[in-house]
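Here is the structure we will look at.
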Amino acid sequence: MKDNFIASVFDIWKKNGLVLLLLDILIILGAFMLSYYIRFYHQTLTIKTVPMVSASFYLKASLLLVLVWVYFIWKNNGYKNDMLNISSPLLMIRAVVVSGIYAFTVLMVVSFMLRAPLLLSRQVCLMSSVIGGVAMLVARLFFFPKISSMLAENGCYIRKMAMIGMNDVSHDLINDIKAVDASTQFLGLMGNNNCSQMPVGKDIPYLGAVCDIHRIHRATEFNVLIIADSENGKNNNTLFTDKNELIDIINYCELKNISLYVLSDSYSVLITQDEVGSFAGHPIACLRDAVLHPGYAVVKRLIDTIVATIGVFLGMPLWIGIALIIWIADRGPVFYTQIRSGYNGKPFKMYKFRSMVVDAEERLKSLIDVDNLDEPVFKIKNDPRVTHIGKFLRRTSLDEIPQLINVLKGEMSLVGPRPEELSIVEKYDAYQRRRLKAKPGITGYQQVMNRGEALLSKRIRYDLIYLKNQSLLMDLYILGITVFVVLSWDDENI
């Protein structure tokens, strides 16, 4: 009985894009009519009593809300069954919320322009947008992943993925798919025709050379193939010596109905999918670094100033208390200041509550050989230089509070990449310097998604994701989950 149930669910789940579309339609319609019912049949829960309005009038309005909301999500590849529908929780939230705002705005404008006998209740429209948005997010973030995990535990995968080539970008993709998409099973890597064995990581099977793709496909039955191209030439075995090799792969994938994708680290400078198009029939992409929308820049600075001002003045008793405890502990300086790299690498003096012993810089040489590191960054686990009060300040991130002064001065933002030391930035290559394209932040995408990460390559990756997607909604999301990250942080990783 259980096997039959799993098989039935899996058959339906193969069209999860269509399932999500139908579910969204039902959610939006249900949320709108529920809001109508609350507004006109339970007026004790509403702001003021109003005359009854025909349900058919609101049903027509709900259809418009469905049409616009679903359209914008669809335009953002939200209902595809392929790899384009796999995104991080943040991007899912952004797609639903932004599309909901567009739909709400269109509904209000159309209602006003048509001059209906009775304009739509703003309370109904707003309430339905909130209820519908929350329900859609619950479906995406909890309901759908739960079903995917259940199917995966029973060996049912919608996508069985193989990859050609190995580099940092492909390795990150493998880890991300494992983290956010249980319905995709990664089978292993293939090399080009000139290599007999590829250098692969732990738990990453090597399937064979591309020229043997027929045998590999018969043995593994993958239905998704990704070509991981690399422009930096490091650890790269994916470049084809003959363009016919690529054509042969394309033809075979089309013959066997295998979805084929190309993943290239050269595209990491793209900002949004809107910058990919065509010119005279040729595919073309606009390559550029992060560009801040003028309106967003103004709002971001305004929020930074207001929040920093409130934080400094309302929190003054706590800040004074922390300063006294630090001073009493060893009679050393209360603040730790250091020159860091800011926007476009411009140096500035960053402030923090001191969390280490006074001679921390001198002790560093005995703990680590900075000059011979593989990357220009380091992290010492259970750093002995951290004081007892410093461990608490770091765990709770209270040591970062003085950076509100940097925010008020315009040198930092509430949200942005981690401010890095000048000595480290001096060792950056051109690719790594791209993270300096935004003001550094007290918190940021890297800090909340992978806090305590020591590898520069990982930091860069998260910072570039933020640069490509920065918006007011993303900043609010990062500020919101910062609280949960701080509360759940492990002492061993400070």
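Below are the figures for this structure:
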| item | result |
| --- | --- |
| Inter-label distance for Ile101 and Leu67, nm, one decimal - labels placed 7 Å from Cα along Cα-to-Cβ | 2.4 nm |
| Full-stretch length increase - Asp82, Ile25 - with 0.36 nm per residue and alpha-carbon distance subtracted | 18.5 nm |
| Most to least packed among 293-300, 442-449 [average Cβ atoms within 10 Å] | 442-449, 293-300 |
| Ranked Phe353, Phe313, criterion: other C-beta atoms within 10 Å, fewest first | Phe313, Phe353 |
| For the range 2-153: rounded, prolate or oblate by the Cα gyration tensor [a/c cutoff 1.5] | prolate |
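The numbers here are math on the coordinates, done by the rules we state, and not lab data. Computed from a prediction, not measured in an experiment: that's the story for all the values here. Methodologically, a virtual Cβ is constructed for each residue, glycine included, from the backbone with ideal geometry; neighbour enumeration extends over all protein chains shown.
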